[in-house]
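Have a look at the structure below before the remarks.
The values are calculated or read from the model by the stated rules, or taken from the named source; none is laboratory data. A quick note: this is a predicted structure, and the numbers were derived from the prediction, not measured. Here the Cβ positions follow ideal geometry from the backbone for every residue, glycine too, while neighbour counts run over all protein chains shown.
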Amino acid sequence: MSKKDVKLSQNVKKKKKKNKRRLAKLMTVFIFATLALLIFQMKYLDLLPMKLIVLISAVLLIIALIITLIMNFKVRRFIPRLLVGLISLCMCLGLAYGNYFIHKTKDTFEVVTSLADKKAITTSIISMKDSGITKETDLKKKKIGTILEMDKEATQRTLKALKEEGIKYSTEDYSSLEDLVYALYDSKVDAICLNEKYRDILHETEAFFAFNTSTKVVYQNVHYVEREASDNESDPVNDITKDAFTILVSGNDSYGSLQDANTRSDANMLLTVNPKTGTILMTSIPRDYYVDLICPGEGEMACPEGSKDKLTHSGLLGIKSTEKSIENALGIKINYNIRINFSSVVNLVDALDGIDLDIKEGEQCDILYANMQPGLSVGKHHVDGETALAFARERHAYVNGDNQRVKNQQKVFKAIFKRIVSPKMITNYGKFMDALAVAFDTNISGDEISDFIKYELNNMPKWKFESYTIYGESANDFCYEAQSYASVTYQNDLMNEIARNKIKAVLKGKSSNTVEDTSGYSQEPSADNVIHQTDEADSYGDSEYYDPSQTYDYENQYSDENYDISQDDLYSNGEIDYSEEPSYDNYDEGQ
């Protein structure tokens with residue numbers, strides 16, 4: 001080989017060696033840069049205990065130093081160099097994912113610890129579909145029905161806005177929601193002015209079951225009200241990591257954003273948490289519990305003292321009304337609240353790739369009426385978000401209806417919690433954080449959430465779940481928000497007292513099981529509680545009234561996802577004939 005060839009060969013080797021070192025240096029810079037960023041983000045996030053941050057940082061720094069020293073100075077041969085290169089690549093990817101993990105957590109944390117700036121109050125002018133009134137200009141010289149006694153401020157605001165657009169009309173006022181809608185059905189008025197918060201209440205009246213499908217919105221006014229911090233103040237404990245506290249988890253019967261107008265509180269569960277003993281007591285209250293409404297708000301959120309209604313309607317006045325009404329009924333103090341809705345449950349469960357439900361004898365069902373899908377048999381099931389939601393809302397499959405539904409909600413809550421703390425969470429973290437960011441709002445402060453998470457990571461308590469469900473007897477009584485009679489569940493004073501004593505026991509560091517349940521109601525599922533629904537479900541499917549694919553979405557459109565059949569009280573007694581159209585011709589105005 002000539003000197004020229006030798007020199008050329010040496011230059012090629014030097015160039016290859018230089019390229020290898022350049023790659024090693026590049027990976028070294030990336031490793032230490034991402035490690036520094038990770039340490040900074042962990043400190044800035046303020047969710048991890050300092051000793052854990054120091055430990056993680058020290059371990060990662062030692063590993064990074066060992067890898068980079070070997071990669072840059074020790075390895076010469078191909079196979080060892082390849083192995084170290086792969087290890088270095090894994091380190092780079094791990095640190096990059098860790099930074100993503102922390103960044104995602106920080107973004108979500110900022111969203112869920114801040115309340116919405118505004119809340120929407122939506123009021124509509126509604127006509128019958130076959131009336132020929134299809135747009136706002138068709139309202140000229142028409143008569144519009146109102147219920148000023150129930151909703152004066154929003155009604156006047158909407159009518160004023162309509163007049164400012166050059167629409168001249170006349171009005172007729174009615175004393176109740178039923179009278180108003182019957183006036184529309186009987187053509188006594190051409191349209192009605194309705195606050196959208198009352199739309200769901202109409203589903204609870206047999207004659208108005210088809211209201212959404214037989215009417216249309218021709219004009220709509222959306223008014224935004226500033227949401228003050230005082231609208232939903234907490235009653236905080238001194239130290240959330242040491243002092244026991246109670247949270248109200250209120251589930252709204254709506255889809256979409258939680259910043260929209262208030263809707264019914266479909267599920268109401270109290271979580272009494274004692275960090276010292278690692279105990280969480282779930283206390284469920286029937287949605288139709290007949291309570292004295294406590295309305296801490298003013299204007300449109302106010303109600304006369306002594307107004308009685310079922311608990312679900314308190315959600316129309318805001319979560320603070322639900323919280324205060326429960327405090328008054330049970331004689332307890334609620335420290336914090338969390339508000340979720342249907343979309344929250346579906347998105348969270350799907351983000352976790354489903355949850356596992358172990359259905360016991362007495363909890364099974366043939367059909368899930370909320371989405372008319374096959375039910376869940378006795379045994380273990382892995383279910384998606386829609387199925388989990390439908391099971392949590394199911395009541396028509398059971399003799400004790402609403403009482404079993406609240407127990408189903410407890411089962412779904414525990415399954416979600418178990419999935420969150422499982423290894424599956426690692427691979428689904430990004431999706432879960434995206435879902436969590438819009439899943440709920442709360443009046444727990446950011447500092448309190450941060451302190452509690454640090455306590456959890458620092459101590460890793462083995463949480464013990466206990467549960468209690470309040471039962472009551474069904475009846476029919478006057479409801480303030482509906483201004484009419486509706487199905488309710490009368491309060492059970494004995495079970496109220498037992499629930500109160502169980503909550504107090506957990507707050508004092510004892511188990512709720514130390515309080516004896518003398519109510520006579522079983523807290524365990526019973527095989528006798530199951531209704532075999534197949535024939536009954538077929539009759540619903542044949543009904544011209546039942547259409548699970550439709551519900552109102554506030555834009556005069558109907559969504560395939562949102563229809564809430566399980567909330568209607570129409571099926572409570574199983575006595576309604578769905579084969580006949582309700583007649584309005586026989587309506588007696590004197591009733």
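Would you check if GLY379 is touching a strand residue (DSSP E or B) at 6+ places or on another chain (Cβ under 8 Å) and at positive phi?
yes
Just one of (1) surrounded by fewer than 19 Cβ atoms within 10 Å (Cβ to Cβ); (2) in contact with a strand residue (DSSP E or B) (Cβ under 9 Å, 6 or more places away or on another chain); (3) farther than 30 Å from PHE208 by Cα; (4) in contact (Cβ under 8 Å) with a residue 40 or more places away in the chain trips up ARG419, so point out which.
The single condition ARG419 does not satisfy is (1).
If you scan segment 88-102, which residues turn out to be under 11 Å from ILE63 (Cβ atoms), surrounded by 15 or more Cβ atoms within 10 Å (Cβ to Cβ) and not small (Gly, Ala, Ser)?
Of everything in segment 88-102, those that are under 11 Å from ILE63 (Cβ atoms), surrounded by 15 or more Cβ atoms within 10 Å (Cβ to Cβ) and not small (Gly, Ala, Ser) turn out to be MET91, LEU95.
Residues are listed down the side, and each one gets a yes or a no for (1) at pLDDT 90 or above; (2) of a type outside the set (D, E, K, R):
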residue: ASP200; (1), (2): no, no
residue: HIS203; (1), (2): no, yes
residue: ALA210; (1), (2): no, yes
residue: VAL225; (1), (2): no, yes
residue: PRO236; (1), (2): yes, yes
residue: GLY251; (1), (2): no, yes
residue: LEU258; (1), (2): no, yes
residue: ASP266; (1), (2): no, no
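So, ARG405, is that one of a type in the set (D, E, K, R), more than 30 Å from GLU233 (Cβ to Cβ), touching an Asp or Glu at 6+ places or on another chain (Cβ under 7 Å) and outside any helix (DSSP H, G or I) or not?
No: the conditions fail for ARG405.
Exactly one condition in (1) under 24 Å from PRO275 (Cβ atoms); (2) assigned to a helix (DSSP H, G or I) is false for MET495; which is it?
(1)
Considering only residues that are touching a residue at least 60 places away in the same chain (Cβ under 8 Å), over 25 Å from the mean Cα position of the chain (by Cα) and surrounded by 19 or more Cβ atoms within 10 Å (Cβ to Cβ), which ones fall in segment 497-522?
Those that are touching a residue at least 60 places away in the same chain (Cβ under 8 Å), over 25 Å from the mean Cα position of the chain (by Cα) and surrounded by 19 or more Cβ atoms within 10 Å (Cβ to Cβ): LYS502, VAL506, LEU507, SER512.
Search segment 103-127 for residues being under 30 Å from LEU194 (Cβ atoms) and exposed (fewer than 15 other Cβ atoms within 10 Å of the Cβ), and hand back the single one that is modelled with the highest pLDDT. Show your work before the answer.
Just the residues of segment 103-127 that are under 30 Å from LEU194 (Cβ atoms), to begin with: 115-127.
Subset that is exposed (fewer than 15 other Cβ atoms within 10 Å of the Cβ): 116-118.
Numbers: ALA116: 46, ASP117: 51, LYS118: 58.
So the residue we want is LYS118.
For ALA329, which of the numbered conditions (1) under 25 Å from SER314 (Cα atoms); (2) of a type outside the set (Lys, Arg); (3) surrounded by fewer than 23 Cβ atoms within 10 Å (Cβ to Cβ); (4) in contact with a His (Cβ under 8 Å, 6 or more places away or on another chain) fails to hold?
(4)
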